[in-house]
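Here is the structure we will look at, set down as structure tokens.
The values are calculated or read from the model by the stated rules, or taken from the named source; none is laboratory data. Computed from a predicted model, the values in this text were never measured in an experiment. Because the Cβ atoms are built from the backbone with ideal geometry, glycine has one as well, and the counts that use them run over all protein chains shown.
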Amino acid sequence: MRDTNFFSEPSIMLTTVFAVTLVVGLLLKFWLGSRQIRHVAQHRGHLPAAFTQTMTLAAHQKAADYTVAKARLGLIEMALGAAVLLGWTLLGGLSTLNQALMPWLGAGLVQQLALLVGFALISGLIDLPLSLYQTFVLEERFGFNKMALKLWLLDAIKGSLMGALIGLPIAALILWMMGASGGLWWLWAWCVWMGFNLLLLVIYPTLIAPLFNKFTPLQDEAVKARVTALMQRCGFAAKGLFVMDGSKRSAHANAYFTGFGAAKRVVFFDTLLSKLSPAEVEAVLAHELGHFKHKHIIKRIVSMFAMSLAGFALLGWLAGQSWFYTGLGVMPNVAAPNDALALLLFLLVMPVFSFFISPLLAQLSRQHEFEADAYAMQQTSGQDLASALLKLYEDNASTLTPDPVYVAFYYSHPGASERLARMLPGGLPNTGSAPQPLAPT
């Protein structure tokens with residue numbers, strides 16, 4: 001610990017900057033959320049003119065009600081999250097937990113791992129009521145939840161066990177490196193972290209995902225023929241085409257690629273295949289292929305590498321400054337390692353500051369979606385892509401009339417009107433059913 005003056009001017013300054021940033025961010029989030037609620041509610045009674053032939057008013061109103069309900073729950077989650085963050089930091093919760101474990105376990109790696117586990121368990125218990133409410137009340141109310149409590153509990157147990165089996169060894173290795181690798185520990189830890197993430201991309205499709213869902217080879221010959229021909233045209237190779245039993249948990253539909261390199265798989269939700277025609281499925285997949293064609297996945301991985309490297313470097317510096325701990329409400333250990341404390345504080349505090357770059361990341365993501373749409377229209381019918389998206393919008397009950405400012409700040413995918421206008425400048429397709437905003441592909 002380089003600075004032994006625990007309540008120095010830098011410590012007081014950090015406390016002030018953190019508190020002000022937290023309050024400003026919370027007020028901004030509440031303002032954005034309130035704008036979204038008001039805007040969607042005000043437009044609930046009327047369909048946008050462009051969608052009058054493709055969506056029913058009832059479907060539009062369901063989407064509005066669902067969006068408002070989620071946004072209101074989001075306001076509660078934000079308030080609770082801010083209170084919990086203050087509890088862990090400036091009100092001394094993390095420091096208290098650390099000091100409580102020290103007499104039992106002494107100083108060392110075991111105590112530090114216990115601190116991480118204790119933090120995770122307490123955080124999980126705090127989040128539990130809202131998680132249950134979202135699944136069994138909100139999602140149930142709008143007809144999306146298909147899970148019984150037994151399956152939810154089984155998922156929670158599996159997730160916790162997987163988190164412990166995978167997370168604890170990597171956490172132990174990073175904590176060991178923090179204490180044993182000298183001043184450049186953060187560089188070696190970053191290399192380990194990146195290697196771990198790349199390994200997960202490879203093993204997730206075959207070892208982890210099947211623990212939670214059943215994956216069966218695609219049997220629909222019409223869809224298989226179209227998809228196979230599309231991938232051949234695009235020069236894309238995959239390990240296989242699979243259908244996931246998403247319907248046992250949710251009525252939401254989607255499709256995605258998973259894996260990395262030679263381990264890539266194409267996965268369709270069974271709910272998606274039940275709603276889209278073979279031509280529409282092909283168009284949705286062409287959009288996903290557009291992300292690969294434009295190297296969006298590689299760009300995002302490289303960006304993640306760069307940002308995580310900067311994060312590890314910053315943590316490497318902050319971990320040696322006593323004001324970093326005291327300024328955030330934690331009394332650092334004098335004769336014991338502070339590595340777990342530093343790691344937890346960093347993970348807690350960084351989102352408070354990084355929140356303000358959200359619009360830039362969202363804008364980049366929306367641009368990627370437009371590029372993927374354009375590629376899909378080169379490979380398949382724009383009418384089929386638009387029709388598929390309209391069905392997905394309806395199926396996932398997102399609003400057609402989001403607040404523009406909220407969209408600019410948060411949306412990773414373009415709004416329905418803007419997105420479909422680029423696909424079909426002459427007008428929307430008449431699908432004979434009702435569309436809605438999406439759990440985008």
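Before moving on, here are some points about what is shown:
- Identity of the residue in region 81-102, assigned to a helix (DSSP H, G or I) and β-branched (Val, Ile, Thr), that ends up farthest from the chain's Cα centre (by Cα): Thr96
- Residues being aliphatic (A, V, I, L, M), closer than 27 Å to Ile157 by Cα and not in a helix (DSSP H, G or I) - total across region 209-223: 0
- Conditions (1) touching a residue at least 60 places away in the same chain (Cβ under 8 Å); (2) surrounded by fewer than 16 Cβ atoms within 10 Å (Cβ to Cβ); (3) of a type outside the set (Val, Ile, Thr); (4) at negative phi; number of the one not met by Leu199: (1)
- Selection over region 36-58 of residues that are surrounded by 15 or more Cβ atoms within 10 Å (Cβ to Cβ), among the hydrophobic types (A, V, I, L, M, F, W, C) and either at pLDDT 90 or above or touching a Phe, Trp or Tyr at 6+ places or on another chain (Cβ under 6 Å) (or both) gives a count of 3.
This table checks each residue for (1) aliphatic (A, V, I, L, M); (2) more than 30 Å from Ala251 (Cα to Cα).
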{"residue": "Gly316", "(1), (2)": "no, yes"}
{"residue": "Leu343", "(1), (2)": "yes, yes"}
{"residue": "Leu348", "(1), (2)": "yes, yes"}
{"residue": "Ser387", "(1), (2)": "no, no"}
{"residue": "Ala397", "(1), (2)": "yes, no"}
{"residue": "Pro404", "(1), (2)": "no, no"}
{"residue": "Tyr411", "(1), (2)": "no, no"}
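- Test for Val223: is it of a type in the set (A, V, I, L, M, F, W, C), closer than 22 Å to Gln378 by Cβ, crowded, with 20+ Cβ neighbours inside 10 Å and in contact with a Pro (Cβ under 9 Å, 6 or more places away or on another chain): yes
- Strands (runs of 3 or more DSSP E) within region 229-341 that include 2 or more residues in contact with a His (Cβ under 8 Å, 6 or more places away or on another chain), at pLDDT 85 or above and crowded, with 16+ Cβ neighbours inside 10 Å: none
- From Ala172, Ala148, residue being among the hydrophobic types (A, V, I, L, M, F, W, C) and exposed (fewer than 14 other Cβ atoms within 10 Å of the Cβ): Ala148
- Within region 34-57, tally of residues that are in a helix (DSSP H, G or I), touching a residue at least 60 places away in the same chain (Cβ under 8 Å) and not charged (D, E, K, R): 5
- Residue check for Val202: modelled with pLDDT under 90, in a helix (DSSP H, G or I), closer than 25 Å to Ala283 by Cα and not polar (S, T, N, Q): no
- In region 4-33, residue modelled with the highest pLDDT [restricted to those that are part of a loop (DSSP other than H, G, I, E, B) and loosely packed, with under 15 Cβ neighbours inside 10 Å]: Phe7
- When Leu276, Leu289, Leu345 are screened for being aliphatic (A, V, I, L, M), more than 30 Å from Thr380 (Cα to Cα) and in contact (Cβ under 8 Å) with a residue 24 or more places away in the chain, only Leu345 passes.
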